[in-house]
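Presented below is the structure to which this report refers.
All of the numbers you see were taken from the coordinates with simple rules; none came from a lab. Since the structure is predicted, the reported quantities are computational estimates derived from the model, not experimental observations. Backbone-built Cβ (ideal geometry, glycine too); neighbour counts: all protein chains shown.
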């Protein structure tokens, strides 16, 4: 059996290609296999990241966009973390769950990070740091390490292009890559230096990519730099000096909220110096590519409520809590009128005046 494919309107068909039955069946089998792989991954990504960009082709896309903006504005009324950090765990298990190569899992994880950056920026977060590659990851297979480095280079180029495009939602974000950069290839270092140079003017929002990084390496690096400075200047080694010489610069002092995905309850040698004094660690039972707006919003809402409660509990006068909740009322009435007083018997009150004079001005 022979199949012919034509192009053109009726009566003016032009033959394109002729195939026999064996070639056609092989062609359809190959396309079906590729289609199943692509469709399963694409549908999973659409389902797991339900924000206004992902549902743009759906009839309710405007409703989702409005709902997101409404919820974001509510959250922005309260405190938001200044430094938000992520341990992006679960990319390999995500690929295995979908029966895909490991590379596809890391690719989906990179796309998730881009989406989360846009959300954090709308929430007025000042800085986001992400654990992109641990020094311990060099112990993985050379093929996987090479794949990760290739993807990192690709996403750094993509981010740089978007961060320097005035029409893009990521415009103005500054990129800083922190860690032991001497372990990276010269090709990747060139991309990193170029990205940091082109985005250095962004000050309102900073993205820190930790690669290759461990907290032990960060602390050892800070101790070495601090010691060298103290030898040359005869200054003492202090906690603040060690903090100032960390990789994360002005955000080295504290991480307000650390989120780890995949359900594992460990820090994996990350942010050991920065997580202290009221820092919140949130372990999420989902893989990183499945992390979306709704999960982040719930975590941020809990953090904001906790911070508001902590601030209120430190106030000496309970009335000040009411003045924060009802600022218009507290501004209209004297503080004394809001304070609770003891019950007074009606008979003990003074007699009413015989006359009242009102001067209308």
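Fewest neighbouring Cβ atoms within 10 Å first, the residues 246, 77 line up as 77, 246.
Whole angstrom only: what separates the Cα centroid of region 175-215 from the Cα centroid of region 244-262? The distance from the Cα centre of region 175-215 to that of region 244-262 comes to 15 Å.
Once fully extended, how much extra length lies between residue 219 and residue 358, figured as 0.36 nm per residue of separation less the alpha-carbon to alpha-carbon distance? Could you put the intermediate results ahead of the total?
Numbers: separation 139, 0.36 × 139 = 50.04 nm, distance 7.27 nm.
My answer for the length gained is 42.8 nm.
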